[in-house]
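Every number here is computed from the coordinates shown, using simple stated rules; none is lab data. Since we're looking at a predicted model, the values are computed, not measured. Every residue, glycine among them, receives a Cβ derived from its backbone with ideal geometry; neighbour counts consider all protein chains shown.
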Amino acid sequence: MDDGVRVVASSTAGAGGVFVDPLWRVPVRLAPVEAALLRTAPLRRLQFVGHAGASAVTTLQSYSRLEHTLGVLALVAHFRPEDRLLRVAALLHDIGHLPLSHTLEGIGGLDHHALGAELLHADPVRPVLERHGIRPEAVAALLDGQPRTPLTGHPGLLNLDHLDSYARSGRAAGQLDADPAALLERLRLGGAAHSAVSTDRETAAVLVALVRAEARLHTSWDNVGPVSVARRLARRLLDGEELTARRLARLTDAELWSVLDACTATREESRLLRYQPHRLVVTAGAAGAAADEDGGWGFALRKIYRSAPLVGGRPLAEAAPELASELDDLGKLAVEFRVRWDG
């Protein structure tokens, strides 16, 4: 960087010393280890992996996995500014993600948590950590929930990772009416080990609305159709030995599309997905049913997240049962579908 040339506040390269997330607007003074990690290939790669996966084909959910990662760092820095280890864990919590993020999770036995743990203990991440006096094993333990922290939290309770996901997705989908910075000021950490997001009744309603909006997105045509196609294309690549599962795991989104375009077994449908997604027909139905005569296939969502905030440090079901009921209603959403191409 030349002297006198300004680095923008939202730079993801760790060059300016301070990062300001555009969503939360929390200034984060980057520690040397954080700046160094942002210059490693596993972190840089996340700039080229979409957080929303294949649903970016049909929605405006176009932000990257690195943007989310830095948002989580901003939240950790806001609540636990002096917790050096937790801040590093926030930066590294998603380095194992596959291309298209959760879209391809489980394909070829791939799991982003396991892949992330491997990267954490390998070059170039491990040397950076050790050079700054941080044991990779200590970071891995935090990411594994030992001990409980607000980054990973308790099952069923809202943690900082999911908070950023819901808010960032809600903003992209036009579902976030509240000012995120003002919203953040009304949040606290509560529960066991102060590992869950806690707030007042009114703000909890805003958070529950974001959780519900995310669930509706995941069960929508815009997510189910593209994700189901991308998964079957990836399986076709692996079945045809076009590339190994390990190689697939380290691709960026653009590299994956390039491989799909180069393979004769996937080229046509890959282009259909990107340029004619309107031809997808999605209906709720048994995912395990036999193939349709018109070439349809079954698809089942892996899970629907229903993370609940605490209200005044108390469980949502006790403090605001009507809000807890709204989250419970998400269990009624269809999670099995039939998908086909029209015509």
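Key figures for this structure:
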quantity	calculated
Average Cα contact separation per residue, the chain, under 8 Å, 6 or more apart, as relative contact order %	17 percent
Cα gyration tensor shape of the chain, rounded if a/c is under 1.5, else prolate or oblate by comparing a/b with b/c	oblate
Residues with amide H under 5 Å from that of VAL26, placed H, sequence gap 5 or more	ASP21
For LEU233, LEU85, LEU60, LEU207, order by how many other beta-carbon atoms lie within 10 Å, fewest first	LEU60, LEU85, LEU233, LEU207
Leading residue at positive end of dipole, the chain (Cβ point charges), from LEU280, HIS162, PRO321	HIS162
Packing-based exposure ordering (other Cβ within 10 Å, fewest first) of PHE19, PHE79	PHE79, PHE19
Helix runs (DSSP H) in the chain reaching 20 Å along axis by Cα, Kyte-Doolittle at least 0.5	65-79
Inter-part distance where the range 81-150 and the range 249-286 are each reduced to a Cα centre, Å	29 Å
Alpha-carbon centroid distance for the pair the range 19-57 / the range 161-215, whole angstrom	20 Å
Under 5 Å, built H, 5+ apart or other chain: amide partners of LEU280	ASP342
Gyration tensor (alpha-carbon) shape descriptor, the range 104-262, a/c threshold 1.5	oblate
About the Cα centre, charge dipole magnitude for the range 62-135 (Lys/Arg +1, Asp/Glu -1 at Cβ), debye	260 debye
Cα→Cβ-extended label distance, 7 Å offset, between ALA35 and ARG232, nm	5.0 nm
Local electrostatic count, LYS332, Cβ distance below 14 Å [Lys/Arg +1, Asp/Glu -1]	-1
Helical mean residue ellipticity (222 nm; -39500 (n - 2.57) per DSSP H run of 4+; nearest 500) of the chain	-12500 deg cm²/dmol
Magnitude of the charge dipole, the range 75-181, Cβ model with Lys/Arg +1 and Asp/Glu -1, debye to 20	240 debye
Whole-Hz ³J(HN,Hα) from phi, Karplus 6.51 cos²θ - 1.76 cosθ + 1.60, for the range 33-46, glycine and proline x	5, 5, 4, 5, 5, 5, 9, 8, 4, x, 6, 4, 4, 5
Order of SER11, SER165 - criterion: other Cβ atoms within 10 Å of each residue's Cβ, fewest first	SER11, SER165
Dipole in debye (nearest 20) - the range 139-188, about Cα centre, beta carbon charges: Lys, Arg +1; Asp, Glu -1	80 debye
For LEU273, net neighbour charge (Lys/Arg +1, Asp/Glu -1) across residues whose Cβ lies under 12 Å away	+3
